[in-house]
Amino acid sequence: MTLPWLTGTWQQLNRARLQQRLPHALLFSGPEGIGKQMLAQQLAGSLLCEHPDEDGQVCGQCRPCGWLRAGTHPDLLLLQPQEEGKAIKVDQIRELCTKLTMTSHGGRYKVTIIWPANAMNVNAANSLLKTLEEPTNGTLLVLVTSAPGRLPATILSRCQQIQFALPAEVLATAWLQEQGMDGAQAERCLRLSRGAVLHAPALLEQGALEWHDQCLAQLGRLYAGDILPSQLAKEWMGDKERQVLAWWQVWVQDIIRWKQAGKQPLDSQTARNLQHLAETVDCRQLFDFSGRISNALDSLGSGLNQQLVLEDLLISWSRLAIRGRRKMLATGN
Ligand SMILES: [Zn+2]
């Protein structure tokens, strides 16, 4: 089944398939966690199944469908980094290009999905160019990425780009409710995953809602001077810091929206926690702070001492608080 927010894109792709005008290379670009990769798999299925229906859905009965289910279809290649977070190497692309010159096993298409395509290093990308320039018949390459800007222009210009947007909130929350969440959970999880709807169920399973509220409350305690930056940095370190930083970014942006447009954060728990900040910290400082969180997120895994980075941010945050309290005193609030 097609994810509801991808129906339009799917129909467009399926029409191209039926009219036999699919290009040799597609680039699926857009935010993470919304189903680009799933749609690439779905397209592969419709090209490899022996009896897909009008809508391009696989029959589920034929031999290729069995291989697809087992993940062993010889004409569907999924190219990913050999280690998570690492580059796709030139050897992997060379091997792929050799495979693509051979005839297909099933007598149909040969489909390759490269995901994430921006993980190709320069040599790998260059090596792929030749295949993109002289494609063999019946091959389809689908490059999937959330960062098309990191791909060389030579690659981009040889792919037909399909852009994906974040799903409409109403579709995403309805879908999450179909997966078993209640309305409030769906709304909060969607917001915390920043629209990456497919990542939202995992947040609920991992107890992330409670943890989110706890982190936000801790930030409030830091602001009130009840906890030291170094204590909090220690607590947030480990496997948590990426998530906490991402949330912190959301909170800061929430406060900015609150101050600029009067839009209170959707859920009341978050609003209560952020209210005193919205009243005392000014927007320029918040924009500046938001930029610093982005830098900290970019620096994760770069070898910088993460605890120091985190502590530094927390110290700045508590200074904002001191300035904020002075301002409140000065204005007599
Ligand atoms: Zn089938």
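The values are calculated or read from the model by the stated rules, or taken from the named source; none is laboratory data. All values derive from a computational prediction rather than experimental measurement. For neighbour counting, all protein chains shown are included, and Cβ atoms are generated from backbone atoms with ideal geometry for every residue, glycine included. What goes into the accessible areas is simple: the full protein's heavy atoms, side chains included, and nothing from ligands, DNA or RNA. Shrake-Rupley method; radii C 1.70, N 1.55, O 1.52, S 1.80 Å.
Points to keep in mind about this one:
- Contact order for the stretch 71-162, expressed relative to its length and based on alpha carbon pairs under 8 Å spaced 6+ residues apart, stands at 32 percent.
- Within the listed set L18, L192, L43, the Gaussian network model of the chain (springs between alpha-carbon atoms below 10 Å) gives the highest mean-square fluctuation for L18.
- Take the Kirkwood radius over Cα pairs of the stretch 209-333, plug it into Stokes-Einstein at 25 °C and 0.890 mPa s, and you get 166 µm²/s for translational diffusion.
- Hull shadow area, averaged, the chain [alpha-carbon convex hull, nm²]: 19.3
- For M120, distant residues with modelled amide H under 5 Å away: I88
- Percent accessible area from carbon and sulfur atoms, the chain, protein chains only, probe 1.4 Å: 49
- Estimated inter-spin distance, C283 and T98, nm [label 7 Å along Cα→Cβ]: 5.9
- Cα pair count fraction exceeding 15 Å, expressed as % - the stretch 34-76: 35
- 3J(HN,Hα) from dihedral phi, the stretch 80-97, Karplus parametrisation 6.51/-1.76/1.60, rounded to Hz, x for glycine, proline: 9, x, 5, 10, 4, x, 9, 7, 7, 9, 4, 4, 5, 5, 4, 4, 4, 4
- Entry comment: accessible area of the chain is 52 Å² per residue, from protein heavy atoms only and a probe of 1.4 Å.
- Built amide H within the under 5 Å cut-off of F28, gap 5+: L143, V144, T145, I162
- Remark on T112: its backbone amide H falls under 5 Å from those of L77, L140, L141, V142, a criterion applied only to residues 5 or more positions apart or on other chains, H modelled at 1.01 Å from N.
- On the basis of the beta-carbon distance and an R0 of 41 Å, Q80 and K263 show a calculated FRET efficiency of 0.55.
- Summarised as an ellipsoid, the stretch 4-163 has semi-axes of 24, 18, 15 Å, derived from the eigenvalues of the Cα gyration tensor scaled by 5 and square-rooted, with the largest first.
- Kirkwood analysis of the stretch 196-273, using all unique Cα-Cα pairs, places the hydrodynamic radius at 13.6 Å.
- log10 of Debye I(q)/I(0), alpha-carbon scatterers only, for the stretch 160-240 at 0.16, 0.17, 0.22 Å⁻¹: -0.71, -0.75, -0.95
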